[in-house]
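Structure record follows, encoded as structure tokens.
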Amino acid sequence: MKNSGGKPRAGAVRKGKKGAQVGTGGHGRQALEGRGPTPKAEDREYHVAYKNKQLRERAAAKAELRGGRDGASGAARRAKSGDESEIVTGRNSVLEALRAAIPASTLYIASRIEMDDRMKEILSIATGRAIPILEIMRPELDRLAGRDAVHQGVALKVPPYEYAHPGELLDYTLRKGQTPLFLALDGITDPRNLGAIIRSTAAFGGQGVIIPQRRSVGMTAAAWKTSAGAAARTPVAMAPNLTQTLKEFKKAGVFVLGLDGDGDTSLPGLSFADRPVVIVVGSEGKGLSRLVTETCDAVVSIPISASTESLNAGIAASVTLYEISKLRAEAKK
């Protein structure tokens, strides 16, 4: 029997080539619809591949802090997504990166390059590690290095920078029996300032640099270049929240010192320079943010001539690091 619309009722018997079949009345429709692409095994939380991926990511963050030529060298790094390889240029920067055994995919050298001791060591290390060496014309190397880059006839392609975790960096420093001395950057966006600060941190005995995840410069090729190779020896950590990271450092007994021209504490003769310290440097335009300022144990100022408005962030960090290094040396006498 048919309904008034002339269509079979839901659940009516249907006949086909295979004989009579009972309809579902539409209740099985969802089972016939597609469920979309199957997730990768490493993206399924219940799959063993997912657990292995998590273990690999945690191990990668710790690997550089455990390894290196002196047990702490090499930049601890966290991979970014996609192909974001950087080009490190300049003989010092390339040589330091190779000495630190940073993974590299290609070494580029200019045609008819002038050889010196650095270039000989660069080629020796690259050959020993089986890194492909490509000789290219200088105009091509100019384009590869980027505008305004001084490559000195050599460039190295390295994987995207991986950042250490601030807490692991602090723990590692304490385990080695060292007095923590870190630089934290609050709103620094110029890669040349970052490179200069990394270089100064390495020069004056600091164990690492901390940058916030947002509104901050990262480890670009320009920062590598300005660091003159120090980025291969001095870890850079990335803090998801800088204020929270500073609070955690304080709980661990680290003094937080902010740099500001209007600070209430003068840098010369800083009384607690020999204690665990993290120095926070703000941007040249805005200085330290409000929340970071409130977190600081002291806000330190550097005495300068009245005719000079302020110091460059990189220079201010260098002066402060030198003073703390000097005071620590005097305290040991």
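The values are calculated or read from the model by the stated rules, or taken from the named source; none is laboratory data. Keep in mind it's a predicted model, so treat the numbers as computed, not measured. All Cβ positions, glycine included, derive from the backbone under ideal geometry; neighbour counts span all protein chains shown. We work out accessible area using only protein heavy atoms, side chains counted, and drop any ligands, DNA or RNA first. Shrake-Rupley method; radii C 1.70, N 1.55, O 1.52, S 1.80 Å.
Observations on the model:
- First in the stretch 270-295 and over 17 Å from residue 211 (Cβ atoms) and in contact (Cβ under 8 Å) with a residue 24 or more places away in the chain, second anywhere and open to solvent by 10 Å² or more (accessible area, probe 1.4 Å) and assigned to a loop (DSSP other than H, G, I, E, B), Cβ under 6 Å, 6 or more apart: 276/179; 276/253
- Per the listing 246, 267, the residue uniquely open to solvent by less than 10 Å² (accessible area, probe 1.4 Å), touching a residue at least 60 places away in the same chain (Cβ under 8 Å) and not basic (Lys, Arg) is 246.
- Per-region count, the stretch 287-333, residues farther than 20 Å from residue 275 by Cβ, under 25 Å from the mean Cα position of the chain (by Cα) and among the small types (Gly, Ala, Ser): 6
Here is a yes/no grid of residues against (1) part of a loop (DSSP other than H, G, I, E, B); (2) under 25 Å from residue 92 (Cα atoms); (3) open to solvent by 10 Å² or more (accessible area, probe 1.4 Å); (4) not hydroxyl-bearing (Ser, Thr, Tyr):
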residue	(1), (2), (3), (4)
149	yes, yes, yes, yes
156	no, yes, no, yes
168	no, no, yes, yes
171	no, no, yes, yes
177	yes, no, yes, yes
189	yes, yes, yes, no
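- Residue selected from the stretch 205-215 under the condition touching a strand residue (DSSP E or B) at 6+ places or on another chain (Cβ under 7 Å) and surrounded by fewer than 18 Cβ atoms within 10 Å (Cβ to Cβ), by the criterion modelled with the lowest pLDDT: 213
- Tallying residues that are open to solvent by 30 Å² or more (accessible area, probe 1.4 Å) and either at pLDDT below 90 or over 28 Å from the mean Cα position of the chain (by Cα) (or both) within the stretch 99-117 yields 10.
- On inspection, residue 238 does not qualify as open to solvent by less than 30 Å² (accessible area, probe 1.4 Å) and either among the hydrophobic types (A, V, I, L, M, F, W, C) or assigned to a helix (DSSP H, G or I) (or both).
- Taking the criterion of being assigned to a helix (DSSP H, G or I), farther than 15 Å from residue 103 by Cα and open to solvent by 70 Å² or more (accessible area, probe 1.4 Å), the residues of the stretch 118-134 that qualify are 118, 120, 124.
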